[in-house]
Each structure stands twice: as structure tokens, then as C-alpha cells.
1. Going by a ≥ b ≥ c, the root eigenvalues of the Cα gyration tensor, does region 130-195 fall in the rounded group (a/c under 1.5), the prolate group (a/b larger than b/c) or the oblate group?
2. In terms of the Cα gyration tensor, with a ≥ b ≥ c the square roots of its eigenvalues, is the chain rounded because a/c is under 1.5, prolate because a/b exceeds b/c, or oblate?
3. Output the Kirkwood hydrodynamic radius of region 69-108, Cα pairs only, in Å rounded to one decimal.
4. Roughly how many whole Å is it from the C-alpha centroid of region 152-188 to that of region 1-56?
5. Using a 1.4 Å probe, how large is the accessible area of residue 53, given in Å² and rounded to the nearest 10?
6. Using a Förster radius of 35 Å, what is the FRET efficiency between residue 2 and residue 218 based on their Cβ-Cβ separation? Nearest 0.05, please.
7. Quote to one decimal, in nm, the extra length available between residue 60 and residue 158 on full extension: 0.36 nm per residue of separation minus the C-alpha distance between them.
8. Can you tell me, using C-alpha contacts under 8 Å and at least 6 residues apart, the relative contact order of the chain as a whole percent?
Amino acid sequence: MIRLCTICARGGSRGVKGKNIRMLSGKPLIAFTIEQARASGLFSVIALSSESDEILDVGQAWGVDEVVKRPVEMATDTAAKVPVIRHCAVETENRTGHTFDTIVDLAVTSPFRSVEDIRGAVHMLETKGITNVGSGSPAQRSPYYNIVELDNMGRVRYSKLPDEPIYRRQDAPKCFDLNGAIYAWKRNWLLNGPDKAIGDDTLLYVMPLERSLDIDSELDFRVAELQMEGSA
């Protein structure tokens, strides 16, 4: 089985300036993901995609195998993620001569994801006869109970109407937050399928909340720092 790990790190983050290489617990944020990918022992190649030369240089210093310069049109705030991963995979195949069976994307913004999470998601993909896997964690809010929308008159409506009234959150159907930490694909689905990460044949790899932080704001970064301090 030949597997590729892609790590996609855009330079133009708005929520947290320079977050992908910002220092966390003594090393750049991207280093956690590179180290996890390497420690998993799963990947023939670890490839980093970015439009930023600085990020690519940091990635090389921390041990990625290939650096792929991302086209500028794929580095905007509105650019979809799947085409970026696909571009990185095709470029890496062209350079290395490998045809990868499994392609796994690991988010830089998920430093608490474990090596066992990566192995578990890949095992699920490769043993369940499916096309892809995404990771998530139990949701802290429910569209049946305490997530609401506003109608055109500004009135509150539940986002998802239950068949029967629900009076306790614990009685609502189980819901999950996609945490973005891990996406894994069979090659053909990624390269030839739609530009979306979740389809009709996707399974969920469930991670606990404490490993599911996705750093997208200054508050998230501060939470990550506190969590790192607590685990030191």
C-alpha cells in the first residue's frame, strides 16, 4: 500500500496572522503535523502545499519530503480545499513516479490530533470498502435542541425539526462537528470525484473533544497554549 500525506498551509490566514508557522510550545505550529505524519509510519511521501515560500522553507526544515508551490488562485479566502489537495497529490505523483493508493490530508491547525487518530482513520478507509473518511468529534450543540435559525421575520426556528418534541439535549439524535483534522481518500475518488470532502460514501472517524481543537482565532490559539501547558 503506497500512501501520501498532504499538508496544506496557506500563508494568508486572517483569523490568526501567520498561524501555520507561529510558535506554539517552542516550535512552529506546522511542526506538530509533520511530526505526527512521520511518527505514524504510514506514508511513503509527506508533501506540503503552500503559496508561501516561508512556509515551504519551514516545512522543509522540519522534514517534509516534497514542497509544492500552490497556484495563487488556490490560495484565496474563497478557494475550495479539495482541489488544493488534488493539485498537491498530482504534482507529487508526477515528481516521485508513485501512484498512491491512499491520500490523507492532515490539517496544520489540529496540533492535538494523535498518531493513533491518523492510523485509525486510515485503517477505517482501507478496511471498510468506502471511498473516504473525515474526522469529527461529538457536537456540543444540537440542531434539534439549541441550534436555531431566523426566518424572514426574524423569528427563531430550530435548525432541524425533530419528529417528536425534545426536552433534554441528551435525548436528541447524536450529532458531530467535523473538526477537519483528518481527511482520507481512495486515490480515484480524490482525483476524479467532486470538489467536496463529504459524500454519500463517507464514514466518520470520531475523535474526543480534547484532541479536536481547530485553531481558527486568537482565542483558539490561546486555548492551544493553555492545553500545551497543562500537558507539559
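The values are calculated or read from the model by the stated rules, or taken from the named source; none is laboratory data. As the structure is a computational prediction, the values presented were derived from the model and not from experiment. Note that we place each Cβ from the backbone using ideal geometry, even for glycine, and neighbour counts take in every protein chain shown. We work out accessible area using only protein heavy atoms, side chains counted, and drop any ligands, DNA or RNA first. Shrake-Rupley method; radii C 1.70, N 1.55, O 1.52, S 1.80 Å.
1. Working: a/c = 3.05, a/b = 2.02, b/c = 1.51.
Judged from the Cα gyration tensor, region 130-195 comes out prolate (a/c at least 1.5, a/b above b/c).
2. The shape class here is prolate.
3. Values: mean 1/r = 0.0894 Å⁻¹.
Hydrodynamic radius (Kirkwood, Cα pairs) of region 69-108 is 11.2 Å.
4. First find each Cα centre; the distance between them is then 30 Å.
5. For residue 53, the solvent-accessible surface is approximately 90 Å².
6. Details: r = 40 Å, r/R0 = 1.13.
The formula returns an efficiency of 0.30 here.
7. Working: separation 98, 0.36 × 98 = 35.28 nm, distance 4.77 nm.
Between residue 60 and residue 158, full extension yields 30.5 nm more.
8. Details: 419 pairs, mean separation 54.8, N = 232.
That works out to 24 percent.
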